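Working notes, structure below.
Readers should treat all values here as calculations from the given coordinates under stated rules, not as data from a laboratory. Please read all numbers here as calculations on a predicted model, not as lab measurements. In this analysis, Cβ positions are derived from the backbone assuming ideal geometry, glycine residues included, and neighbour counts consider all displayed protein chains.
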Amino acid sequence: MNSLKLLFVCAPTGAGKIKIAMISILHEIAQHFKDGYLHKDEFKIVYVAPMQALAAEVTSTFSHRLSPLNMTVRELTGDMQLSKNELEETQMIVTTPEK
């Protein structure tokens, strides 16, 4: 999968949309592996969840799945704010449309 084309996924609840997103996320991460080292300062991934409750679940899911890569996943929804330092240390942000 070497294409950078956009993909729109519309499927019912429980059909595996997060798994499809994970494939795209892993593709992006792979672009930043050089000499056996992940250059985490070279990219940010943003996942937009439709509502705050789902954002918390997605954050937990991706945090768990990406933990072997020592990646930081943070939620940024509603009244939440991240400091400049937290943003710099984060590789993936899960947010909602209003943010």
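SER60 versus LYS84, label points 7 Å from Cα toward the beta carbon: distance in nm?
Spacing of the two 7 Å Cα→Cβ label points: 3.4 nm.
Enumerate by residue number the trypsin sites (Lys or Arg not before Pro) in the range 1-80 meeting two conditions: DSSP loop (anything except H, G, I, E, B), and at most 16 other Cβ atoms within 10 Å of the site's Cβ.
LYS5, LYS44
Calculated FRET efficiency, HIS39 and THR13, Cβ-Cβ r, R0 41 Å, to nearest 0.05?
Working: r = 36 Å, r/R0 = 0.87.
The pair HIS39/THR13 has a calculated efficiency of 0.70.
Calculated FRET efficiency, ILE20 and THR72, Cβ-Cβ r, R0 25 Å, to nearest 0.05? Could you put the intermediate results ahead of the total?
On the way: r = 22 Å, r/R0 = 0.89.
Result of the calculation: an efficiency of 0.65.
With +1 on the Cβ of every Lys and Arg and -1 on the Cβ of every Asp and Glu, and nothing else charged, how large is the dipole of the chain about its Cα centre, in debye rounded to the nearest 20?
About 340 debye.
Would you list, by chain and number, the aspartates and glutamates whose Cα falls below 19 Å from the Cα of LYS40, excluding same-chain residues fewer than 8 positions away?
Counting by Cα, and skipping residues close in sequence, LYS40 has these aspartates and glutamates nearby: GLU28, GLU75, GLU86, GLU88, GLU89.
So for the chain, what are the equivalent ellipsoid semi-axes in whole Å, largest first, each being the square root of 5 times an eigenvalue of the Cα gyration tensor?
Numbers: eigenvalues 89, 74, 27 Å².
Gyration-tensor ellipsoid for the chain: 21, 19, 12 Å.
Work out from phi, with θ = phi - 60° and the Karplus expression 6.51 cos²θ - 1.76 cosθ + 1.60, the ³J(HN,Hα) of each residue of the range 52-62, listed in order in whole Hz, and give x for Gly and Pro.
So the J values, rounded to whole Hz, are 4, 4, 5, 4, 5, 5, 5, 4, 4, 4, 5.
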